[in-house]
Amino acid sequence: MKKTQKSQFVIIRTLFLLTAFMCLGWADTWEGIQSAASTITSVRAEFVQEKHMEILAKPVVSKGVFYFQAPNSLRWEYQSPVHSILLMHDGRTKRYILKNGAITEDAGAHLQSMQVVLQDIAQWLNGRFEENPAFSASLEPHRKIVLRPKEKSLANIIQRIELILSDRPGIIAAVMIYEGEKSYTRFEFKNAVLNQPLQDSIFRKIS
C-alpha cells in the first residue's frame, strides 16, 4: 500500500474508531463498557477537529457533524473549511468531496482500504476494543482509554490515541490522536443526541 493510501486508510479507520467510542458509557471495566455500548441504537453529534503541528502558527480547525445508526450505518461530514462526506450503509462505503464547486464522489483506489475497516466494525460497536488487532487498549484513571498501535508501520503514523469519557453515559468528552511528539489532532464533541430514530436516507444520500 502506498504511503498516501496508507494515511487515508488510517484516517478512515480512526473515524470509525471515534464513532464506536461515542457509544461508550461510563464504566471502569471492559465488561461495563460492552454493556453500555449495547444500549446505544443511534448517535448524532457535532464535532470540532483541531490539527496541531510544530510548523503551524495556529491549529487548523475543521467542524462538522456525524450520524451513527446501529449496527453499522455512518455519516461523517466535514462542513468547514472544506466540505466532504463519508457514508457507510448496507456494507458499502462512499466518500464525497467538494470539487469545482460541487460535491463529487471520490472513487479513488484507497476506497478499497475503507472496506477493510468494515471487518472491524462489528467488534468495535460491541464495545470489544481490547480485541482490536491493530491496537492494544488500556483503561486508565479519570475515565481515560489509551490505544497504542501494535505494529511499527502504524506506530509511525499514530503514536497513540487517548479518549476521555464524559460523565454522561454514551458520550466522550475529547479524543487526542498523537502522530508525533509535537503533532496531534484533537476532537471535541458537543450537542450529542442518543437513541433517536434516523432516516436511512441520511446514510445513502449526500443532501
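Residues in region 20-32 that are at pLDDT 70 or above and outside any loop (DSSP other than H, G, I, E, B) were compared, and the one that is nearest to residue 197 (Cα to Cα) is 32.
Picking from residues in region 78-103 that are free of Cβ contacts under 8 Å to residues at least 40 places away in the same chain, over 22 Å from residue 177 (Cβ atoms) and assigned to a strand (DSSP E or B), the one that is most open to solvent (accessible area, probe 1.4 Å) is 92.
Tell me whether region 184-191 contains one or more residues that are in contact with a strand residue (DSSP E or B) (Cβ under 9 Å, 6 or more places away or on another chain), in contact (Cβ under 8 Å) with a residue 60 or more places away in the chain, in a loop (DSSP other than H, G, I, E, B) and of a type outside the set (A, V, I, L, M). Within region 184-191, none of the residues are in contact with a strand residue (DSSP E or B) (Cβ under 9 Å, 6 or more places away or on another chain), in contact (Cβ under 8 Å) with a residue 60 or more places away in the chain, in a loop (DSSP other than H, G, I, E, B) and of a type outside the set (A, V, I, L, M).
Would you mind finding the one in 202, 177, 161 that is surrounded by 15 or more Cβ atoms within 10 Å (Cβ to Cβ), of a type outside the set (Asp, Glu) and under 16 Å from residue 74 (Cα atoms)? Give the steps one after another, and end with the answer.
Numbers: 177 fails: under 16 Å from residue 74 (Cα atoms); 161 fails: under 16 Å from residue 74 (Cα atoms).
None of the other options fit; the residue is 202.
Note on region 41-77: among residues that are open to solvent by 20 Å² or more (accessible area, probe 1.4 Å) and aliphatic (A, V, I, L, M), the one that is modelled with the lowest pLDDT is 70.
The values are calculated or read from the model by the stated rules, or taken from the named source; none is laboratory data. All figures in this text were calculated on a predicted structure; none of them were measured in a lab. Positions of Cβ are backbone-derived with ideal geometry, glycine not excepted, and every protein chain shown enters the neighbour counts. With ligands, DNA and RNA removed, areas are computed over all heavy atoms of the protein, side chains included. Shrake-Rupley method; radii C 1.70, N 1.55, O 1.52, S 1.80 Å.
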